[in-house]
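The values are calculated or read from the model by the stated rules, or taken from the named source; none is laboratory data. Since we're looking at a predicted model, the values are computed, not measured. Backbone-built Cβ (ideal geometry, glycine too); neighbour counts: all protein chains shown.
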Amino acid sequence: MAKKQFKAESKRLLDLMVNSIYTHKEIFLRELISNASDAVDKLAYKALTDDSVMVKRQDFAITLSADKAARTLTVSDNGIGMTREELENNLGTIAKSGSFQFKKDLEGEKAPKDVDIIGQFGVGFYSAFMVADKVTVTSRAFGSDEAWVWESTGADGYTVTPCEKAEAGTEIVLHIKENDEDESYDRYLDPHVIADLVKKYSDYIHTPVKMEMEHSRMKEKPADAPEDYKPEWETYTSLDTLNSMVPLWQRPKGKLKPEDYNSFYKEKFGDWEDPLAVIHTSAEGQVEYKALLYIPAKAPYDFYTREYQKGLQLYSSGVLIMDKCADLLPDHFRFVKGVVDSQDFSLNISREVLQHDRQLKIIAANLEKKIKAELLKLQKEEREKYESFWAAFGHQLKYGVVNDYGAHKEMLKDLLLFRSSAGEKLTTLAEYVERMKEDQPYLYYVSAESAERGAKLPQTERILDKGYEILYLTDEVDEFVVNALADWEGKAFKSVSDEDALPESEEEKQAAEKKAEENKDVLDFVKETLGDRVKEVRISKILKSGPVCLTADGPVTLEMEKYFAKMEQGGPMMRAERVLELNPDAGAFAALRAAVEEDKEKAAKYAQLLYAQALLLADLPLEDPAAYTELVCGLMN
Ligand code: ADP
């Protein structure tokens with residue numbers, strides 16, 4: 001019979017597994033048991049609403065058996081099983097979840113060496129080939145009367161043939177490799193080793209994992225035993241349950257070590273890195289639940305895409321009732337992974353009903369507070385960790401502040417970090433306020449590509465000279481965040497580009513008015529030259545030594561304009577009303593004035609030149625770079 005070939009990616013992965021240099025080969029068992037347990041969960045869930053499922057809850061099991069003579073280890077379950085198509089699709093193709101990342105990494109030079117390939121790519125089933133040179137999977141899908149055998153000796157392909165199987169479920173037979181100099185594969189045929197592995201990796205799996213175990217006991221003393229009777233021993237076998245089945249989150253906190261939490265996380269949520277933080281919490285009273293939540297160290301590759309689905313696993317008395325219950329997590333904390341277990345939900349509650357469930361809302365609100373508290377704790381006690389959290393998920397929190405018309409800003413404002421003129425380190429707003437000078441009227445900010453650029457913008461000079469700190473808004477969404485916040489405990493945020501960013505005395509006001517009056521002819525000339533490109537040309541109140549800058553009147557700032565242009569929802573509506581600001585005390589202005597008086601043609605060129613400088617400073621594109629070059633070169637001649 002012709003062999004079918006694995007999909008290309010799967011083949012490469014299989015090669016890796018077969019020739020594995022991976023040191024923890026023993027984890028294959030964890031992977032197979034966890035698949036079997038998922039399959040059992042699926043059928044158990046079906047049983048809640050479907051009377052044709054004959055297996056009773058207490059009869060669901062994963063059974064292991066080892067045959068030393070035949071060199072086989074068998075893992076079978078009475079779960080949902082697989083159809084022929086599922087066998088081919090699930091076992092002939094690498095798990096879809098990880099394939100994207102996997103492909104990327106393998107195609108680069110940095111093929112994984114000692115990284116946890118298994119966890120990284122979610123290749124569970126394939127790990128069987130680390131210890132077996134042949135794998136036979138017999139499966140019958142629930143509701144089907146056909147059964148199929150999938151068999152493969154590794155990367156050279158696989159076959160699928162029909163067979164008989166009495167019950168729904170899956171049986172996986174591993175033909176264990178012969179020992180070689182590096183590895184004793186015999187151990188995987190030893191029931192005691194197997195039992196230890198189950199304890200080590202799969203103890204909390206809530207389906208019983210059973211195996212025939214041999215025990216010895218003292219024979220009962222016969223009634224007619226002689227005086228000098230010596231106790232005799234006998235061996236017997238029993239079908240033992242190897243795992244304690246108590247889910248991790250049901251165990252007392254004090255009995256759990258960080259490794260327990262971390263390995264549970266990695267296996268359950270397919271991450272290969274330890275989480276940044278763990279929240280193990282429970283409530284009693286109004287609602288009762290236990291929850292085990294994790295904050296991942298990095299954003300999954302699809303986190304900022306539509307594909308990413310938020311949600312927590314919802315269990316009711318140990319039975320999984322929903323894999324990703326979205327209503328348990330607010331959007332701004334959608335990066336959180338975890339499990340909630342509560343007896344308060346009936347097992348066959350529908351999604352629609354659940355959505356409006358009052359209990360669920362209370363739990364979600366509690367968890368939101370817990371997550372915030374945990375993040376604040378990280379921020380205060382482990383700043384570096386918090387900063388790496390921020391690098392991964394800060395963006396999400398900022399969107400959280402802006403979304404829903406700022407409805408969540410109170411929840412999130414303490415969690416925000418910004419760059420500022422106080423130094424290289426990121427600062428919270430509370431820390432900024434702590435450093436504020438007594439007479440400082442506002443919390444200042446400026447938008448710029450980077451903190452370094454922000455520091456050099458001409459409009460920041462007069463604020464910095466006062467000794468006031470400036471927040472550098474370097475992310476597109478930052479300005480929206482500041483707008484949504486509006487103030488911090490009564491003190492308003494203020495752009496350094498606002499005319500009234502610094503309070504003016506009466507004399508200063510009059511002096512400024514006088515200057516504007518005196519230079520009206522120059523301003524009018526520049527406005528006329530630039531036409532519709534600017535709404536106004538004015539004598540600047542925000543420049544100190546810099547000759548020129550661009551600001552915006554009205555609600556749309558230059559940064560917002562850039563943002564909208566990127567989002568492609570721009571159009572004329574979302575343009576900032578540009579204002580060209582000139583510094584009457586700068587040398588350039590004197591030259592401009594002289595030209596306006598003596599040589600109008602030259603003055604027009606100066607006006608365009610100043611406008612171009614202002615665009616460059618504001619990080620906005622020149623309308624016509626070629627014309628600009630001509631202009632500058634023309635002036636040089
Ligand atoms: P993952 O478990 O990460 O999806 P695997 O390679 O371990 O990747 O498994 C691929 C798929 O094969 C599973 O998602 C599941 O649909 C199916 N599968 C594996 N083992 C079993 C089993 N014992 N019973 C039913 N389906 C299974």
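All of (1) exposed (fewer than 15 other Cβ atoms within 10 Å of the Cβ); (2) more than 24 Å from the chain's Cα centre (by Cα); (3) without any contact (Cβ under 8 Å) to a residue 60 or more places away in the chain; (4) not in a helix (DSSP H, G or I) hold for residue 445 with one exception: (1). The residues of segment 134-146 that are on the phi < 0 side of the Ramachandran plot and in contact (Cβ under 8 Å) with a residue 60 or more places away in the chain, listed by number, are 141, 142, 144, 146. Restricting 200, 210 to those that are closer than 30 Å to residue 261 by Cα and modelled with pLDDT of 95 or more reduces the list to 210. Being within 19 Å of residue 492 (Cβ to Cβ), of a type outside the set (A, V, I, L, M) and either under 31 Å from the mean Cα position of the chain (by Cα) or crowded, with 17+ Cβ neighbours inside 10 Å (or both) is the filter here; which residues of segment 463-482 pass it? Passing the criteria: 468, 469, 472, 478, 479, 480. Please verify whether residue 93 is near the ligand (Cβ under 9 Å from one of its atoms), more than 23 Å from residue 179 (Cα to Cα), surrounded by fewer than 19 Cβ atoms within 10 Å (Cβ to Cβ) and modelled with pLDDT of 50 or more, treating the condition exactly as stated. Judged against the criteria, residue 93 is a match. Residues that are more than 17 Å from residue 144 (Cβ to Cβ), charged (D, E, K, R) and assigned to a loop (DSSP other than H, G, I, E, B) were ranked within segment 32-87; the one that is nearest to the ligand (Cβ to nearest atom) is 56.
Here's the yes/no breakdown for (1) among the hydrophobic types (A, V, I, L, M, F, W, C); (2) at pLDDT below 90; (3) assigned to a loop (DSSP other than H, G, I, E, B):
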residue	(1), (2), (3)
332	no, no, no
338	no, no, no
349	yes, yes, yes
360	yes, no, no
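In segment 497-505, the count of residues that are assigned to a loop (DSSP other than H, G, I, E, B) and hydroxyl-bearing (Ser, Thr, Tyr) is one or more.
Looking only at segment 414-426, which residues are charged (D, E, K, R), under 25 Å from residue 464 (Cβ atoms) and surrounded by 13 or more Cβ atoms within 10 Å (Cβ to Cβ)? Scanning segment 414-426 gives a single hit, 419.
Within segment 268-291, the residues that satisfy the criterion of being part of a strand (DSSP E or B) and among the polar types (S, T, N, Q) are 281, 282. Taken together, 498, 553 contain a single residue that is acidic (Asp, Glu), closer than 30 Å to residue 390 by Cβ, out of contact with any helix residue (DSSP H, G or I) (no Cβ under 7 Å at 6 or more places or on another chain) and at pLDDT below 95, which is 498. Scanning segment 134-168 for residues that are in contact with a Gly (Cβ under 7 Å, 6 or more places away or on another chain) and outside any loop (DSSP other than H, G, I, E, B) yields 139, 140, 158.
Screening the candidates 251, 187 for the property of being under 32 Å from the mean Cα position of the chain (by Cα), surrounded by 10 or more Cβ atoms within 10 Å (Cβ to Cβ), away from the ligand (no atom under 16 Å from the Cβ) and of a type in the set (Lys, Arg) yields one hit, 251. Of all residues in segment 608-619, those that are without any contact (Cβ under 8 Å) to a residue 60 or more places away in the chain have Cβ atoms under 9 Å from Cβ atoms of residues that are among the hydroxyl-bearing types (Ser, Thr, Tyr) and surrounded by fewer than 19 Cβ atoms within 10 Å (Cβ to Cβ), 6 or more apart or on another chain, in 609/628; 612/628.
A count restricted to segment 226-282 and to residues that are among the small types (Gly, Ala, Ser), touching a strand residue (DSSP E or B) at 6+ places or on another chain (Cβ under 9 Å) and under 30 Å from residue 303 (Cα atoms) stands at 2. When residue 566 is tested against (1) among the basic types (Lys, Arg); (2) crowded, with 16+ Cβ neighbours inside 10 Å; (3) part of a helix (DSSP H, G or I), just one condition goes unmet, and that condition is (2).
Residue count for segment 592-622, restricted to those that are farther than 20 Å from residue 457 by Cβ and surrounded by 16 or more Cβ atoms within 10 Å (Cβ to Cβ): 11.
No other residue among 357, 331, 404 is within 19 Å of residue 475 (Cβ to Cβ) and of a type in the set (Asp, Glu) apart from 331. Would you call residue 576 closer than 29 Å to residue 452 by Cβ and out of contact with any strand residue (DSSP E or B) (no Cβ under 9 Å at 6 or more places or on another chain)? Considered against the rule, which asks whether it is closer than 29 Å to residue 452 by Cβ and out of contact with any strand residue (DSSP E or B) (no Cβ under 9 Å at 6 or more places or on another chain), residue 576 comes out as no. Give me the residue from segment 146-165 that is more than 16 Å from the ligand (Cβ to nearest atom) and at pLDDT below 95 and, out of that set, surrounded by the fewest Cβ atoms within 10 Å (Cβ to Cβ). My answer is 156. Within segment 1-13, track down each residue that is within 27 Å of residue 162 (Cβ to Cβ) and at pLDDT 70 or above. Hits for segment 1-13 are 2, 3, 4, 5, 6, 7, 10, 11. Of the set (1) loosely packed, with under 15 Cβ neighbours inside 10 Å; (2) farther than 21 Å from residue 292 by Cα; (3) touching a residue at least 12 places away in the same chain (Cβ under 8 Å), all apply to residue 396 but (1). Checked against the criterion of being among the small types (Gly, Ala, Ser), out of contact with any Lys or Arg (no Cβ under 7 Å at 6 or more places or on another chain) and buried (at least 18 other Cβ atoms within 10 Å of the Cβ), segment 569-577 has at least one qualifying residue. Considering segment 276-326, and only residues there that are under 21 Å from residue 395 (Cα atoms) and of a type in the set (Asp, Glu), the residue that is surrounded by the fewest Cβ atoms within 10 Å (Cβ to Cβ) turns out to be 307. Just one of the listed residues (529, 460) is buried (at least 16 other Cβ atoms within 10 Å of the Cβ), without any contact (Cβ under 8 Å) to a residue 60 or more places away in the chain and either in contact with a Gly (Cβ under 8 Å, 6 or more places away or on another chain) or part of a helix (DSSP H, G or I) (or both), namely 460.
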